[in-house]
Structures are given as C-alpha cells and as structure tokens.
C-alpha cells in the first residue's frame, strides 16, 4: 500500500511501475483533463504492481485496468478476429486448416490460450497448434544479421506477400459484424466454448463486455 500522489489522504495498492508512484482508483478512472493524473499521458497506468504494507513487492504482481480500457477491449478483439478470418478467407482457407499459430510479442507471451479462446480472441482449434514466440522481431533481426540463408528466406517471403485493403473488402465487414458477440455469432466455430457457455448477450459501445464468463475462466 502507498499514498496516492494526487490525494495524500488516500491509501492505495496501485503502483505505477514506470514512475514508481501510487494512484487511487479515482485517478485511474478520471477522464477530466483538468484534474486527472499528470502522469497518465506518459505512463500505461493499467499495468501495475502491488506492494504490501512493508513496501516489498508481493510474489504475484496485480494488474489493474481502467474502465475505459475494458470498454475498448471488445473492439480490438473484434478487429483482430475479423482480420485473421478475412486473410484466411482470401486464400480460400479456414482456421481449421492452419497447422500452426505463433503467438508473439510481449502481450502474447503472457496470454492465457484457454481464456483467449473463451472470449473469441483465438480460434477454437487444437491447442497443440499454438506456440509462443516472445519478442519475434528481435529474434528475426538476429537471424537476418547472422545468416545469409535467413536473409534470403526473408526476401522470398516479402516478395510473395499480397496487400489486402480491409476498408474495401466486403468479407472483412461481414467478419467484423459476426465477431461482435462473445465468443462469436457462429457458435459452431467454438464448440468447446459453447458447451460450457452461460447466457450470451451483446454489448454496446459504452457498456463494455456484458458476457459473464464461467467461473473457471475468470
């Protein structure tokens, strides 16, 4: 616990890991530019650790998310799902035909595959097809610098790429609309999720996610 930098009379467990400052819940959710935390423009406030009364970091750092972040999550998930299905559709493929899905990046490194499938972020396919790559951009840079064979392979991949404009692709808009529900409007594409799913409701832009996940996936 610590004292909020903006409200000295308030104790809070939320610690900004970048600036090492504590912020209370009001600071996290405030949207008024005249009074909100001056550090928010430079710091991803929703990634935080938690300290105990002695000031030592706990074994499992807590993660906090502001209300507006949760509200924007469905839109980002929907776009990601629509993009993947559109790219495969243009190639005459479906997710079931994919042999391997590589999850990369810092966010992907800590992604829980089962929970990601539950909300429709990842396709409901054989879990053995998923693998983690971590920071693939750095690994790829090392490989290209140290190996002429990998450099040539990268050139061949680049030359074979095709550009698809999602804004003018009818398939994309159809896929986007279908992905607006959790996990998806086509529940047959998520057989393992639909078998345990509770009541499903649509969500509005200002309401965030309104689907209540099973206890096992919270």
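The values are calculated or read from the model by the stated rules, or taken from the named source; none is laboratory data. Owing to the predicted nature of the structure, the values given are computational and were not obtained by experimental measurement. Cβ atoms come from the backbone with ideal geometry, glycine included; neighbour counts cover every protein chain shown.
Looking at residue 149 and the list (1) closer than 24 Å to residue 191 by Cα; (2) at pLDDT 90 or above, which single condition is not satisfied?
(1)
Output the residue which, of all residues in region 130-149 that are assigned to a helix (DSSP H, G or I) and surrounded by 14 or more Cβ atoms within 10 Å (Cβ to Cβ), is nearest to the chain's Cα centre (by Cα).
Looking at the filtered set, the residue picked out is 136.
For region 166-182, which positions are farther than 17 Å from residue 92 by Cα and loosely packed, with under 10 Cβ neighbours inside 10 Å?
167, 168
Of 107, 72, which residue is out of contact with any strand residue (DSSP E or B) (no Cβ under 9 Å at 6 or more places or on another chain), closer than 30 Å to residue 21 by Cα and modelled with pLDDT of 75 or more?
Answer to the check: 107.
Cβ contacts < 6 Å: first residue more than 10 Å from residue 104 (Cβ to Cβ), restricted to region 125-138; second residue assigned to a strand (DSSP E or B), any location; separation 6+ or different chain. Result?
129/101; 130/101
Could you grab the pairs with beta carbons closer than 8 Å, sequence gap of 6+ or different chains, first residue in region 81-101 and at positive phi, second one assigned to a loop (DSSP other than H, G, I, E, B) and modelled with pLDDT of 90 or more?
Going by the 8 Å Cβ cut-off, there are no qualifying pairs.
Kindly establish whether residue 92 is surrounded by fewer than 13 Cβ atoms within 10 Å (Cβ to Cβ) and assigned by TED's automatic domain parsing to the domain that holds residue 188.
Answer is yes for this residue.
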